[in-house]
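Take a look at the structure set out below.
Readers should treat all values here as calculations from the given coordinates under stated rules, not as data from a laboratory. Worth saying up front: this structure is predicted, and the values here are computed from it rather than measured. Counting neighbours? That spans all protein chains shown, and the Cβs are built from the backbone with ideal geometry, glycine included.
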Amino acid sequence: MNSDPILTRSQSRRDVLKTFALAAVAFVGSRLPARAADPAPTMAPTPAAPASAGPFSVPPLPYAYDALEPHIDVETMHLHHDKHHAAYVKNLNDAVGKHAELAGKSIEELLTSLETIPEDVRMAIRNNGGGHYNHSLFWLVMKRAGGGAPTGDLGGAIDKTFGSYKDFQTQFTKAATGRFGSGWAWLTLDPATGKLAVENTPNQDSPLSAGRVPLLGVDVWEHAYYLKYHNVRADYVAAFYNTIDWDFVAQRYANHLRSV
Ligand code: MN3
């Protein structure tokens, strides 16, 4: 997939949802079940960020901006999605636009072959391509009234790997709160072995660039939580568990495990 569908103001909400569903399928691989439509937003949507010239665009949120309240506040969602994510996309498009040979490459192709990218744009693509990929996944791993614990194959694999869901949470929280400065905590799958792991990355580095598939991630940059949680990252991480869409994460696990 070398481009994201561009969201225009003339699209109806139905088109937007359809566009999102297509983008989600492209993003996570085939056989992703369609996500049920979220109830209509309870506040006017923020106008879409100005279209950035280039192959990549910010995918619309699959739920209303206030859908994750009270765990993630509506103002943070507007700023995070419409401003921060949009900035990564703009900078990614600018970087990719400097080299014709990069045209047509998917975000996954870029991030899994950073060493082949021309040196003058390599760091920009690592940072902003990672920012685009990581945030695109982040919006998808959350939902309105999320939370609970994973069941099925993923639940079993988490129990087997970490001991229990609670033990997984302990490790994941430690990875999230222990990352010094900005970064992400992840549940990843090693496609070579099928093994799960908890890890963290600095800045916008993606586990993809290290050969692993991120199944679940939490953004621990201050912009992700400061408005509501101020300096208390641990409270934000504790609240994040109440937003997780485990069905989505389990489907992603199943999709990628098939190719192991
Ligand atoms: Mn962020």
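Tabulate in residue order the Karplus-calculated ³J(HN,Hα) for region 54-68, using 6.51 cos²θ - 1.76 cosθ + 1.60 with θ = phi - 60°, rounded to whole Hz; enter x for Gly and Pro.
With coefficients 6.51, -1.76 and 1.60, one gets x, x, 9, 9, 6, x, x, 4, x, 7, 5, 4, 9, 5, 9 Hz.
In angstroms, what radius of gyration and Dmax does region 121-260 have, counting Cα atoms only?
When restricted to the Cα atoms of region 121-260, Rg and Dmax are 14.4, 42 Å.
Quick one: which residues, 5+ away or cross-chain, put their amide H under 5 Å from the amide H of G183? H built at 1.01 Å from N.
N203, V220, W221
What list of ³J(HN,Hα) couplings, whole Hz, do you get for region 181-190 from phi and the Karplus terms 6.51, -1.76, 1.60, once you set θ to phi - 60° and write x for glycine and proline?
x, 8, x, 9, 10, 9, 9, 10, 10, 8
Which entries of K166/K195; K98/K143; K143/K166; K105/K195 show an alpha-carbon separation above 26 angstrom in the structure shown?
The pairs that break the limit, which is 26 Å between Cα atoms, are K98/K143; K105/K195.
Among F180, G156, L196, which residue has its Cα positioned farthest towards the positive end of the charge dipole of region 152-257, with +1 placed on the Cβ of Lys and Arg, -1 on the Cβ of Asp and Glu, and the dipole taken about the Cα centre?
The residue sitting most towards the positive pole is F180.
Exactly which trypsin sites (Lys or Arg not before Pro) in region 79-187 are in a DSSP loop and have at most 14 other Cβ atoms within 10 Å? Present the calculation step by step, with values, prior to reporting the outcome.
On the way: sites: K83, K90, K98, K105, R122, R126, K143, R144, K160, K166, K174, R179; in loops: K98, K105, K143, R144, R179.
In loop regions of region 79-187 (DSSP not H, G, I, E or B), the sparsely surrounded trypsin sites (Lys or Arg not before Pro) are K98.
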